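Just below is one structure, and these are the notes that go with it.
Read the figures in this text as sums done on the coordinates, not as results from a lab. Bear in mind the structure is a predicted one, so any value in this text is a computation, not a measurement. So basically every Cβ, Gly included, is an ideal-geometry build from the backbone, and we count neighbours across all protein chains shown.
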Amino acid sequence: MPRVALDLNKPEDRRHVKAEWRVAPGLVPGAPNEGLTAQLLASPARLADHDDSGWEICRNIRESRSVGFTFAWYRIAVEVPATIGGVALAGARVWFETNIDNYGEIWIDGKIDRSTGVIVGLNAQHRVEVSGSAAAGARHVIACLVLTARWPSPAAASSCATRPSRSSRPAKPFLCAIGDRRGRR
């Protein structure tokens, strides 16, 4: 099976999966102090059934939203189509690919695979499995926590202190279907 890829930043590709990005600032969007509290165990924004209907619709996921130390959640609910570009998706493995600056987490249907869903590094590319065997009409919620910061440093420090902070957003988000459920191409 050929690789089929959708750029989820493009409206025409999002239409294939009946999806739109939503974004909200904070570790716990809507909470006082953006949810930054001692001993917080988890954010409800990671859960598949979390109500994000009041969140801003994000038309350009690459838009910078960083101001200093920044947390934000990006969510998208995708519906697997029967075909894309004439290619049947039944039984294909479906992946979400992106990169996030500094730190990020990718939650699929309210779950995270800590070996692949945690992003640590400068724009490190990551790919997380959404489904091991695609079914037309199946709905999947992808929730991305992003954290970025301009780390404090003394005025006499290196030029790193004067570079603009990276934006808190997933960059180049793709949804891909590759091979059959055994991963063959």
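Structure above, values below:
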read-out	value
Exposure proxy order (Cβ contacts within 10 Å, fewest to most) of Y103, Y74	Y103, Y74
Sparse-neighbour loop sites [trypsin sites (Lys or Arg not before Pro); segment 41-123; at most 10 other C-beta within 10 Å; DSSP]	R114
Packing-based exposure ordering (other Cβ within 10 Å, fewest first) of F69, F96	F69, F96
Potential lengthening between K111 and S64 on full extension [0.36 nm per residue; Cα-Cα distance subtracted]	14.3 nm
Likely footprinting exposure, C144, C58, fewest C-beta neighbours within 10 Å first	C58, C144
Spin-label pair S53/Q39, simplified geometry with 7 Å Cα→Cβ offset, distance in nm	3.5 nm
Residues whose placed amide H lies under 5 Å from that of S133, excluding near-sequence neighbours	V94
